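Take a look at the structure set out below.
The values are calculated or read from the model by the stated rules, or taken from the named source; none is laboratory data. Source: prediction; values computed, not measured. Ideal geometry is used to build each Cβ from the backbone, glycine not excepted, and the neighbour counts take in all protein chains shown. Remember, those area values only see protein heavy atoms, side chains included, never the ligands or the DNA or RNA. Shrake-Rupley method; radii C 1.70, N 1.55, O 1.52, S 1.80 Å.
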Amino acid sequence: MIPNTKPILEVDQVKKYFPVKSGFLKRTVANVQAVENVSVDVMEGETLGIVGESGCGKSTFGRTILGLESLTDGSIKFRGVEIGGLSERQLKKYKKEMQMIFQDPYASLNPRQRIGDALEEAFIIHTNLSKTERKQRVKELLVEVGLKEEHAERYPHEFSGGQRQRIGIARAVSLNPSLIVCDEAVSALDVSVQAQIIQLLKELQQSHQLTYLFISHDLGVVKHISDRVLVMYLGATAELAPAEQLFSNPLHPYTQALLSAIPRPVVGRKKERIHLKGELPNAANYPSGCPFHTRCPLAHTRCREEKPVWRQVENGHFVACHEV
Ligand code: SF4
């Protein structure tokens, strides 16, 4: 269920291209079309799952939303204010509001810095709290994410993968943001630890009124946590629907192929796996027409020539395919 119908984020026709340079003068000879005309509204308090194969542009999309990648074209509005294309300095006041949880929190931690000191940094930079107040907030944060106050004195290598991700989450929620981009946040964890971290994310969503963009290649995890799911293929949007609807009635051939690859433990519900031919095409040599036509089992002449329109086919269910 989508808890609120007010968009916190309005993404319109967003493009993110990376130039490919060549020659002595380093001229741009092509562009990697990492994000191609993505439009989606994200509602306050919802979890929007974003899925697709590795290299489909979902992480670049998340980073572009947060201003970690520059915007090539399009519009990104946060609470109605245009933030797409703002400079680092102009974006600073929104940084507290929008945070990211990474797949590997260890990479962003200084191995020689105690966790308490690492967590305190955000309060030093962004608040006027006294040292005593900061230390107290760090202790509260650690407890809130399921760790102990005394963990503040430990170093990153003294924690397990799940505990490190709890530290990453503590960092992300420390300044009370409204929007968090979770980029493969549980992908590196064991299944049992994944479930605990997802439960923690859900609890924090309730207590902090958070909105999540939950990026993952793991459809099982996405199904579990998301209110709606956006399927991306080669930087473009293929399908968007409420999670239940997408999993019970996928319309785009790419979504159908992705879902057919999920193991089904239910006895008597055998489903043929759809094997896609070939690899994901090179985004520097973007296909004409429908980006999926080089692998789609239903592709025909029109698909190679004409880009399908992104349209709503039933309430809240969007798809880009000539055949739907
Ligand atoms: S538009 Fe054509 S190629 Fe693209 S998904 Fe639909 S049937 Fe397949």
Requested in this report: Pull up all non-local amide H partners of A238: gap of 5 or more, or a different chain, and H-to-H distance under 5 Å with H placed in the peptide plane.
Outcome: V231, M232, Y233
Query raised in the report: Measuring from the lowest to the highest alpha carbon on each principal axis, how far does the chain reach, largest first, in angstroms?
Result: 68, 61, 39
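Stretch R112-H126 to full length: gain in nm at 0.36 nm per residue minus the Cα-Cα span?
2.8 nm
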Query raised in the report: Among F18, L200, I169, whose Cα sits farthest toward the positive end of the charge dipole of the chain (+1 at Cβ of Lys/Arg, -1 at Cβ of Asp/Glu, about the Cα centre)?
Result: F18
Requested in this report: Compute the accessible area per residue over the stretch 1-95, keeping the other protein chains in place, probe 1.4 Å, unit Å².
Outcome: 51 Å²
Query raised in the report: What FRET efficiency, computed as 1/(1 + (r/R0)^6) with R0 = 22 Å and r the Cβ-Cβ distance, is obtained for V29 and D73, rounded to the nearest 0.05?
Result: 0.65
Report task. At a 1.4 Å probe radius, which order do V32, V221 fall into by accessible area, largest first? Result -> V32, V221
Query - Computed magnitude of the charge dipole of the chain (debye, nearest 20; Cβ of K, R +1, Cβ of D, E -1) - result: 500 debye
Report summary line: Note: Q209 to L91 extended length (0.36 nm per residue) minus current alpha-carbon separation gives 40.3 nm
Query - Helix runs (DSSP H) in the chain reaching 15 Å along axis by Cα, Kyte-Doolittle at least 0.5 - result: 115-126
Report summary line: Between the alpha carbon centres of the stretch 205-228 and the stretch 131-191 the gap in Å comes to 18 Å
**Report entry** Reciprocal of mean inverse Cα separation for the stretch 31-157 (Kirkwood radius, Å)
**Finding:** 17.3 Å
Query raised in the report: How much of the accessible area of the stretch 168-324, probe 1.4 Å, is carbon plus sulfur, in whole percent?
Result: 49 percent
Report summary line: Sorting S260, L280, C303 by the position of each Cα along the dipole of the chain (Lys, Arg +1; Asp, Glu -1; all at Cβ), the one nearest the positive end of that ordering is L280
Query raised in the report: Mind checking the dipole of the stretch 47-86: about its Cα centre, +1 per Lys or Arg Cβ, -1 per Asp or Glu Cβ, Debye to the nearest 20?
Result: 160 debye
Report summary line: For the chain, percent of DSSP beta bridges that are antiparallel (nearest 5) comes out at 65 percent
Query raised in the report: Where in the stretch 61-112 are there chymotrypsin sites (Phe, Trp or Tyr not before Pro) that are in a DSSP coil and have at most 10 other Cβ atoms within 10 angstrom of their Cβ?
Result: none
